[in-house]
1. Just Asp137, Asp38, Asp252 to compare: in a GNM of the chain, with alpha carbon springs under 10 Å, which one fluctuates most?
2. Given R₀ = 45 Å, what would the calculated FRET efficiency be for Thr64 paired with Glu174, taking r from the Cβ atoms and rounding to 0.05?
3. Taking 1 over the mean of 1/r across every pair of different Cα atoms in the chain, what Kirkwood radius in Å do you get?
4. What value in Å³ per residue do you get for the convex hull of the alpha-carbon atoms in the range 194-271?
5. May I ask for the Kirkwood hydrodynamic radius of the range 230-308, worked out over all distinct Cα pairs and given in angstroms to one decimal?
6. Given H placed on each backbone N at 1.01 Å, which residues far from Arg20 in sequence or on other chains put an amide H within less than 5 Å of it?
7. With a length cut of 20 Å (Cα positions projected on each helix's long axis) and a Kyte-Doolittle mean of at least 0.0, go through the chain and give me the DSSP H helices that pass.
8. Using 0.36 nm times the number of residues separating Glu262 and Ala44, minus their current alpha carbon distance, what extension gain do you get?
Amino acid sequence: MASASRSPADETAVTGGDARLLLGGPIAAEIRLAVAEDVEVYRARTGHAPGLAVVIVGRDAPSTVYLQQILKACDLVGIRRWLVEVEGEATEGRVTEVIRTLNEDPLVNGIIVQMPLPPSIRLGAVIDAIDPAKDIDGIHPLNAGLLRLGYDGFLPATAHAAVEILRRSGIEIEGRRAVVVGRSAVVGMPAAFLLVRENATVTVCHSRTRDLKHHVKDAEILVVAAGHPGLITGSMLRRGAVVVDVGINVVDGKLVGDVDFESARRVASAITPVPGGVGPLTNALLLAHLARAAHAQADAEPGAAAPSRTRASVGSANQPLTRGAT
Ligand code: NAP
């Protein structure tokens, strides 16, 4: 990637014209390679592949596509995966019972649950049922708390991807003014905490924010996760801003983000496209989290031998995003 060698100074030097594209695909491919190596190490250690269980409760078209991509990615790197459909009447008790069974299954190292859940099932009850050690998408309160306190738990993969794409593209974060639009528990807030951890000065905006444009104009780094196509336009941006568009929306049958790409790319210095930006990286990081969970569980087995090599390549994909991490 020729563009990856640009210095942070280059990012801000680009004014007007076309922004540099921050592509998730090449970074995701690098991560998948590291995961595939880690899967082999795990297999040599335990005699079997690491495993992911995807719990499906009712059918929902968009998330099913998302899940299909995860299953395909698992196949690419040698992770075993199971679609666990909650059969019969999908009551809260039934769903939590299925999750508890998966918690106890030594072949299952990570669990993700299809969202959204049917309205009759409380999200909190389902999340609480997941063993935090298998919560590879960082939705359990324990992992959320670890992130908040700066410890090394599992990160929500999308928020992780939003910050990791900046780090791996050589964008300077430290000391810069970052604005996150969106405060959800799975994307906006964890992205904001990660940016603080990277020493950015962070403002979080939401639907009740007065004068969103004023805050957005201040952003040297802008992360948008609102679920509203076209919410952010080029005229709202500071010249030279770096824009990470997390939004995924379907408009006239086309996938678009929350940022009006054409106007934004003329003002920003760098921008993630939709599709092709944060999305592919989210998927790859989820696999990295799974590999890390699997090794951690093997390490915790009584009498486990010391890991045969360090797992910096994959482990770092979920480490505190500290300087020096690869
Ligand atoms: P969410 O739970 O609906 O949260 C949306 C957030 O945006 C809320 O905090 C909301 O504020 C805020 N918001 C809504 N309208 C706004 C406005 N007009 N101005 C300012 N803030 C506004 O959504 P989410 O789960 O965080 O997802 C956000 C987006 O990311 C969606 O498009 C989703 O599809 C996408 N996503 C992408 C990936 C990926 O891999 N790229 C993964 C997951 C999600 P309030 O809190 O005040 O309601």
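The values are calculated or read from the model by the stated rules, or taken from the named source; none is laboratory data. Remember, it's a predicted structure, so these values are computed and weren't measured experimentally. Ideal geometry is used to build each Cβ from the backbone, glycine not excepted, and the neighbour counts take in all protein chains shown. Ligands, DNA and RNA are excluded from the accessible area calculation, which covers all protein heavy atoms including side chains. Shrake-Rupley method; radii C 1.70, N 1.55, O 1.52, S 1.80 Å.
1. Of the options given, Asp252 has the highest mean-square fluctuation.
2. Values: r = 39 Å, r/R0 = 0.88.
FRET efficiency, Thr64 to Glu174: 0.70.
3. Details: mean 1/r = 0.0494 Å⁻¹.
Answer for the chain: a Kirkwood hydrodynamic radius of 20.2 Å.
4. In the range 194-271, the Cα hull volume divided by residue count equals 92 Å³.
5. Working: mean 1/r = 0.0661 Å⁻¹.
In the range 230-308 this quantity evaluates to 15.1 Å.
6. Ala270, Ile271
7. Span-like helices here: 24-46, 61-77, 278-300.
8. Gain in length upon complete extension: 73.6 nm.
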